[in-house]
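The values are calculated or read from the model by the stated rules, or taken from the named source; none is laboratory data. Everything quoted here is computed from the prediction, not taken from an experiment. Neighbour counts run over all protein chains shown; Cβ positions are idealised from the backbone, glycine included. Heads up: the accessible areas ignore ligands, DNA and RNA and are worked out on the full protein's heavy atoms, side chains in. Shrake-Rupley method; radii C 1.70, N 1.55, O 1.52, S 1.80 Å.
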Amino acid sequence: MLRVGLTGGIGAGKSAVSRLLAGYGAVVVDADRIAREVVEPGTPGLAAVVEAFGESVLAPDGTLDRPGLGAVVFADPEKLKVLNGIVHPLVRARSAELEAAAGPGAIVVHDVPLLTENGLAPLYDLVVVVDAAPQTQLARLTSLRGMAEDEARARMAAQATREQRLAVATLVIDNDGPLEALEPQVRKVWEELTARAGAAAKAAPGAE
């Protein structure tokens, strides 16, 4: 099994890269999706979030008001730390389950937005960083996601810097341009991953 960490700043286009890699055959473990699952109604995760932040973080239907909670924690580093302390252990446990189910020959791509921030790079065989200039990120967040500029800047400021992410990268995908410029880069990265996985399989004990 080849364990790959995939990360990038908000608005950098990591999700697009993740989808392309899944299409090539990667087993994608999406930390954002798992983070939503572990705080669904009736879960211990949601109960812990409500205990920490109060029932005001719940929507009328009993689900987590993610935008409302996000507005609170991304403006306060201490509150963000509390939230991460609840959610991250649950995400790690579920991610480990999904990885174990992938099988020994799989290329498992862990899509982890906060890989750099949480010092997770050493956990993977290699790290792929999707890179975009801060002005590109800001433009995408405001135009494509409809965020207010101050909210977008706060979310970006709560993450690692571009330089910090690049410092942990094994491979870098430049996503400052359009989708058609992204696809050939992702194909090249996939070829690199399959080559590394093949070499690791040959080098494994018992391999012929």
- Item | Radius 15 Å from Cβ of K188, net charge of other residues (Lys, Arg +1; Asp, Glu -1) | -4
- Between D61, D150, D111, find the one with the highest GNM mean-square fluctuation for the chain; connect C-alpha pairs within less than 10 Å. D61
- So what is the relative contact order of the chain, in percent, for Cα pairs below 8 Å that sit 6 or more residues apart? 36
- Once you've got the GNM for the chain with C-alpha springs shorter than 10 Å, pick whichever of I107, I173, I86 has the biggest mean-square fluctuation. I86
- For peptides 75-83, 133-141, sequence by mean Cβ density within 10 Å, most packed first: 133-141, 75-83
- Whole-percent carbon and sulfur share, accessible surface of the chain, 1.4 Å: 55
- Task: Could you work out how far helix 77-102 tilts from the main Cα principal axis of the chain, as a 0 to 90 degree angle to the nearest 10?
- Result: 40
- Task: Figure the gain on full extension for A93 and A47 (residue separation times 0.36 nm, minus the Cα-Cα span) and round it to one decimal in nm.
- Result: 14.8 nm
- Message: Multiplying the sequence separation of R145 and E192 by 0.36 nm and subtracting their Cα-Cα distance, what value in nm do you get?
- Response: 13.7 nm
- Message: About the Cα centre, and with charges only on the beta carbon of Lys, Arg (+1) and Asp, Glu (-1), how big is the dipole of the chain? Nearest 20 debye, please.
- Response: 320
- Contour minus end-to-end for D176 and A101, with contour as 0.36 nm per residue of separation and end-to-end as the Cα-Cα distance? 23.5 nm
- Provide the percentage of antiparallel DSSP beta bridges, counting only those with both residues in the stretch 1-154; round to the nearest 5. 5
- Residues of the chain: accessible area per residue with a 1.4 Å probe, Å²: 52
- Quick one: angle between helix 179-203 and the longest Cα principal axis of the chain, in degrees between 0 and 90, rounded to 10, please. 60
